[in-house]
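Worksheet: one structure, shown below.
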Amino acid sequence: MQQPVPTDALRIPADRLERFVADLYRAVPIPADHADLIARLLVDTQMRGVYSHGVHQVERYLDYFENEHLNVHPQLRVTQQSAVTTAIDGDWGLGMIAADEAIRITIAKAREHGVAVTTTRQHGHIGSCGKYVRYALREGLGAFCLTGRCAMLEARYRPDRELWSTTQGAPGAAFGMPSPDGQPDFLLDMACYLHNGRDELLERWPDIVFRMFGLAHLANIMSGTLAGQADGFPDGQCEPYKVSFQSAFYMVIDPDRFGGREAYLDDMDRLLRGTARVKPFEGRDTAALAGGPEHDHEHVCRRDGVPVWGDAQESLQRMAERYHIPAPWPS
């Protein structure tokens with residue numbers, strides 16, 4: 001959860017908001033199945049309270065497609081694979097298309113073998129990593145997802161640049177493990193690095209900065225470096241698709257193959273119930289592990305509607321007017 005929802009936010013039924021967003025992408029046009037997938041994932045992210053990567057991204061992706069900064073008709077390609085590994089080339093399309101295929105393949109292989117890993121490369125933004133981890137959680141499986149490594153940004157390594165720049169932005173990461181029925185799944189969905197206030201953090205709590213810095217580079221290594229992302233940019237440039245410089249890592253594990261599902265779920269139940277009994281952090285109403293507040297927020301969104309307000313609402317209104325599609329709220 002990133003911030004409280006303003007009391008004056010619009011509340012839109014999830015299916016209505018999803019249809020509106022899908023219609024915007026169909027109007028570009030892009031393939032209908034891709035439009036539907038992107039809309040579903042963006043609204044799903046909004047319902048989890050990750051507003052920076054929810055419907056706020058709709059206009060950004062539309063502009064990428066309109067300006068041909070992404071391949072509108074990507075043909076995904078498996079470049080190599082084994083029983084438990086897969087490497088996918090995203091063909092310069094939006095990362096969500098490659099990520100959806102990657103996590104589905106990884107889940108299927110993990111079901112058969114207990115663990116599986118997939119990398120994707122040569123694609124655009126995948127959005128927040130947590131949405132793909134939740135594919136696995138819904139199947140009773142654990143999953144990790146990392147994204148980053150903008151291989152074309154070699155200018156960030158010039159001797160005159162600061163060390164900060166080598167993180168190449170704020171790589172994303174998500175780590176999730178399933179919980180017993182009736183309990184929210186554990187899901188840590190985050191950026192590995194913070195830009196705001198970093199100088200103050202470095203002065204007062206340098207250990208925190210060093211850990212974030214290391215996590216950011218780990219995400220880049222496990223996604224782009226492992227996937228061979230740099231091979232696609234021998235001259236350090238990304239042409240003609242200017243924003244297809246990202247990559248990702250997906251790992252899925254089956255708890256059945258380790259200590260056994262019953263023992264695993266019993267211990268998760270003890271952990272979650274025990275945490276809920278202790279005193280919450282100052283300023284918080286409840287004690288909960290990562291994934292709990294997001295689970296509750298999603299429940300409210302499905303019941304009362306998905307919140308949209310401020311810049312995101314203004315952006316969606318502009319897109320409605322640009323593509324002559326009625327906005328999902330009264331004019």
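For the residues 16, 48, the requirement of being touching a helix residue (DSSP H, G or I) at 6+ places or on another chain (Cβ under 8 Å), modelled with pLDDT of 95 or more and farther than 26 Å from residue 225 by Cβ singles out 48.
The residues on offer are 70, 41, 62, and the sole one that is modelled with pLDDT of 95 or more and under 17 Å from the mean Cα position of the chain (by Cα) is 41.
For region 95-104, indicate whether the set of residues that are farther than 18 Å from residue 174 by Cβ and either over 21 Å from the mean Cα position of the chain (by Cα) or in the same structural domain as residue 194 (by TED's automatic domain parsing) (or both) is non-empty. Within region 95-104 (the criterion being farther than 18 Å from residue 174 by Cβ and either over 21 Å from the mean Cα position of the chain (by Cα) or in the same structural domain as residue 194 (by TED's automatic domain parsing) (or both)), the answer is yes, since at least one residue qualifies. Taken together, the criteria exclude residue 120 from residues that are β-branched (Val, Ile, Thr), assigned to a helix (DSSP H, G or I) and in contact with a strand residue (DSSP E or B) (Cβ under 6 Å, 6 or more places away or on another chain). The residue that is surrounded by the fewest Cβ atoms within 10 Å (Cβ to Cβ), among those in region 59-77 that are touching a residue at least 24 places away in the same chain (Cβ under 8 Å) and over 30 Å from residue 311 (Cβ atoms), is 73.
Among residues of region 243-259 that are assigned by TED's automatic domain parsing to the domain that holds residue 117 and in a loop (DSSP other than H, G, I, E, B), those with a Cβ under 6 angstrom from a residue that is buried (at least 19 other Cβ atoms within 10 Å of the Cβ) and among the small types (Gly, Ala, Ser), sequence gap 6+ or separate chain, pair up as 243/124; 244/124; 245/151; 254/110. Condition check for residue 294 on (1) part of a helix (DSSP H, G or I); (2) in contact with a helix residue (DSSP H, G or I) (Cβ under 9 Å, 6 or more places away or on another chain); (3) assigned by TED's automatic domain parsing to the domain that holds residue 122: one failure, at (3). Those residues that are hydrophobic (A, V, I, L, M, F, W, C) and part of a loop (DSSP other than H, G, I, E, B), I need them from region 297-331; list them, please. Matches in region 297-331: 309, 325, 327, 329.
Condition check for residue 184 on (1) in contact with a strand residue (DSSP E or B) (Cβ under 9 Å, 6 or more places away or on another chain); (2) crowded, with 19+ Cβ neighbours inside 10 Å; (3) at pLDDT 90 or above: one failure, at (1). Can you name the residue in region 277-310 that is of a type in the set (Gly, Ala, Ser) and either in contact with a Lys or Arg (Cβ under 6 Å, 6 or more places away or on another chain) or exposed (fewer than 12 other Cβ atoms within 10 Å of the Cβ) (or both) and is also nearest to residue 56 (Cα to Cα) among such residues? Within region 277-310, the match that is nearest to residue 56 (Cα to Cα) is 305. Selection of region 275-321 for residues being free of Cβ contacts under 8 Å to residues at least 24 places away in the same chain and charged (D, E, K, R) yields 277, 279, 282, 284, 285, 303, 314, 321.
Residues that are at pLDDT 95 or above and among the basic types (Lys, Arg) do occur in region 316-325, at least one of them.
The values are calculated or read from the model by the stated rules, or taken from the named source; none is laboratory data. Keep in mind it's a predicted model, so treat the numbers as computed, not measured. Because the Cβ atoms are built from the backbone with ideal geometry, glycine has one as well, and the counts that use them run over all protein chains shown.
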